[in-house]
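Right, one structure below, let's go through it.
The values are calculated or read from the model by the stated rules, or taken from the named source; none is laboratory data. This is a predicted model, so every value here is computed, not measured. Glycine gets a Cβ as well: all are built from the backbone with ideal geometry, and neighbour counts include every protein chain shown.
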Amino acid sequence: MISVQNVHKSFGDLEVLKGVSLDVPNGEVVSVIGGSGSGKSTLLYCINAIETINSGKILVNDIDVHSKDTNKDKLRQKLGMVFQQFNAFPHMTVLENAALAPRIVKKMSKDEAMEIAKKELKHVGLGDKFDVYPTRMSGGQQQRLAIARALAMKPDFMLLDEVTSALDPELVGEVLETLRLLAEEGMTMICVTHEMGFARDVSDRVAYFHQGVIAEIGEAKQVINDPQNELTQKFLSKVR
Amino acid sequence: MEYEFHWNIVLQKMPELLNGAFVTLHVSVLAMLLGVVIAVLLAIAKMNNSKPFCYVATVWVEIARNTPALFQIYMAYFGLGAFGIHLSPYVAVLSALVFINAGYLTETFRGGFQSIPSTQYSASKSLGMTSIQTYRYVILPQMLRRIYHPMTNQFVWSILMSSLGILVGMSELSGTTQRLQSLSFRTLEFFIVAAVMYFIITKLVLFGASLLSRRLFKGEI
């Protein structure tokens with residue numbers, strides 16, 4: 001379970017998170033929507049300790065993420081993350097991309113790491129691309145590689161930061177389909193997204209971020225179809 | 001008037017020319033190796049925020065890149081000589097080449113580092129890699145690909161620049177050629193052969209570098 005408790009985060013004078021609290025129990029999919037600059041991506045970066053926080057607390061499996069005593073590298077193994085930019089390692093084949101972290105971080109044997117990498121690549125539909133270099137693939141394929149690479153670490157949670165925002169429209173579907181598959185398998189996920197259809201159909205709950213706070217959170221269909229907060233209504237009327 | 005070529009004398013002196021060519025290669029390889037080591041340190045110093053280191057590195061780079069190699073060799077040989085520090089021609093040329101190589105390569109390395117998107121760091125971090133692992137497996141291999149060709153160029157450049165050793169009486173390929181032609185008056189023959197030898201050396205270096213790059217860099221970038 002991921003538990004975000006009254007988190008504040010500033011960049012210089014700019015306060016990006018102004019007291020955010022969110023509990024995500026295991027097996028739940030939460031989509032985070034909101035305008036740009038509302039702090040939704042920052043929240044993900046704070047959860048896996050790529051960014052520090054100013055106050056509050058974040059617990060992942062009851063471990064205090066930002067405590068001095070926490071081994072952040074170790075913690076991140078439990079938190080798979082996929083970014084807006086595809087971030088494939090361009091000097092490695094698809095298979096090497098997915099096998100790298102299991103091999104060097106988890107110290108698996110080469111065969112073992114390859115085995116897991118192959119399994120996860122097939123999982124996301126890249127079973128025929130093992131020896132291809134990522135620069136030769138479409139954005140959608142690269143993004144699915146990024147998902148497989150994160151899954152190969154056997155994370156308990158997946159943090160997805162606008163993973164379809166940099167894709168050509170016709171490639172969005174294949175990535176969302178992969179995420180839907182993960183959701184059905186029971187993966188716990190926090191998805192920052194601009195895909196309202198995805199948020200409504202795949203996630204259990206939707207949180208609407210506005211100027212650094214969660215303005216509304218509730219059951220997915222309810223928030224998207226029948227938002228209660230005026231700000232959410234305004235936002236949704238603009239994006240639809 | 002017709003010029004008559006006499007190649008015999010050149011053939012006779014071939015061992016001396018080859019020896020000169022060896023010295024040329026020797027000084028350039030050494031200048032490159034030392035230049036790379038210093039450039040790595042200067043690049044780190046330049047990217048660091050600690051003022052004194054950054055300042056030293058900036059001054060080094062600016063002088064090395066904006067003054068002629070000829071002056072730097074003169075400074076090392078005659079300039080230091082004026083202060084009672086007498087370097088041999090070999091050491092003077094070597095120091096000047098190291099100085100210039102380090103200056104140019106510093107900028108190459110710095111550019112190489114900065115050309116790797118910061119998102120590659122976050123992606124590596126998010127997979128649980130330590131900083132050292134991130135550099136070892138993700139950043140440096142990509143950087144090496146980007147700076148490889150500029151580095152090869154610098155190497156070729158320093159082979160050709162070492163010919164300025166002629167000015168301080170160094171017995172590398174040009175110096176040897178100069179001495180032999182003045183003894184035999186077969187100026188054209190000796191310099192033609194020397195030019196061909198420079199050409200062969202640099203071509204071999206480039207060929208070797210491209211073979212090595214194919215082995216090192218299988219991926220595309």
Practice task
Considering only region A:1-36, state which residues are touching a residue at least 60 places away in the same chain (Cβ under 8 Å) and over 29 Å from A:ARG240 (Cα atoms).
Solution key: A:MET1, A:ILE2, A:PRO25, A:ASN26
Problem - Condition met for A:LEU121 (more than 9 Å from chain B (Cβ to nearest Cβ) and either modelled with pLDDT of 95 or more or not in a helix (DSSP H, G or I) (or both)) - result: yes
Exercise for the section: Could you tell me whether any residue of region B:90-99 is away from every other protein chain (no Cβ under 14 Å), touching a residue at least 40 places away in the same chain (Cβ under 8 Å), touching a Phe, Trp or Tyr at 6+ places or on another chain (Cβ under 7 Å) and of a type outside the set (A, V, I, L, M)? Expected result: no
Problem - Residue satisfying all of: in region A:124-146; within 12 Å of another protein chain (Cβ to nearest Cβ) and among the aliphatic types (A, V, I, L, M); surrounded by the fewest Cβ atoms within 10 Å (Cβ to Cβ) among these - result: A:VAL132
Problem - Matching residues in region B:124-164 - criterion: being closer than 30 Å to A:ALA152 by Cα and hydroxyl-bearing (Ser, Thr, Tyr) - result: B:SER124, B:SER126, B:THR130, B:SER131, B:THR134, B:TYR135, B:TYR137
Problem - Scope region A:150-180; condition in contact (Cβ under 8 Å) with a residue 60 or more places away in the chain and over 12 Å from A:LEU79 (Cα atoms); matching residues - result: A:ASP161, A:GLU162, A:VAL163, A:SER165, A:ALA166
Practice task
Report yes if B:ALA76 is within 14 Å of chain A (Cβ to nearest Cβ) and buried (at least 20 other Cβ atoms within 10 Å of the Cβ), otherwise no.
Solution key: no
Fill in the blank from the handout: Counting only residues that are part of a helix (DSSP H, G or I) and without any contact (Cβ under 8 Å) to a residue 12 or more places away in the chain, region B:63-77 contains a total of 2
Exercise for the section: Could you tell me whether any residue of region B:104-111 is farther than 24 Å from A:PRO102 by Cβ, within 14 Å of another protein chain (Cβ to nearest Cβ) and part of a helix (DSSP H, G or I)? Expected result: no
Practice task
Please tell me if B:SER171 is outside any helix (DSSP H, G or I) and either hydroxyl-bearing (Ser, Thr, Tyr) or on the phi < 0 side of the Ramachandran plot (or both).
Solution key: yes
Practice task
Would you check if there is a residue in region B:174-190 being within 14 Å of chain A (Cβ to nearest Cβ), in a helix (DSSP H, G or I) and aliphatic (A, V, I, L, M)?
Solution key: no
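How many residues are surrounded by fewer than 16 Cβ atoms within 10 Å (Cβ to Cβ) and either more than 14 Å from chain A (Cβ to nearest Cβ) or in a helix (DSSP H, G or I) (or both) when one looks only at region B:192-221?
Of the residues in that region, 17 qualify.
Select the helices (runs of 4 or more DSSP H) contained entirely in region A:10-114, then report the ones holding at least 2 residues which are in contact with a strand residue (DSSP E or B) (Cβ under 7 Å, 6 or more places away or on another chain).
A:40-47
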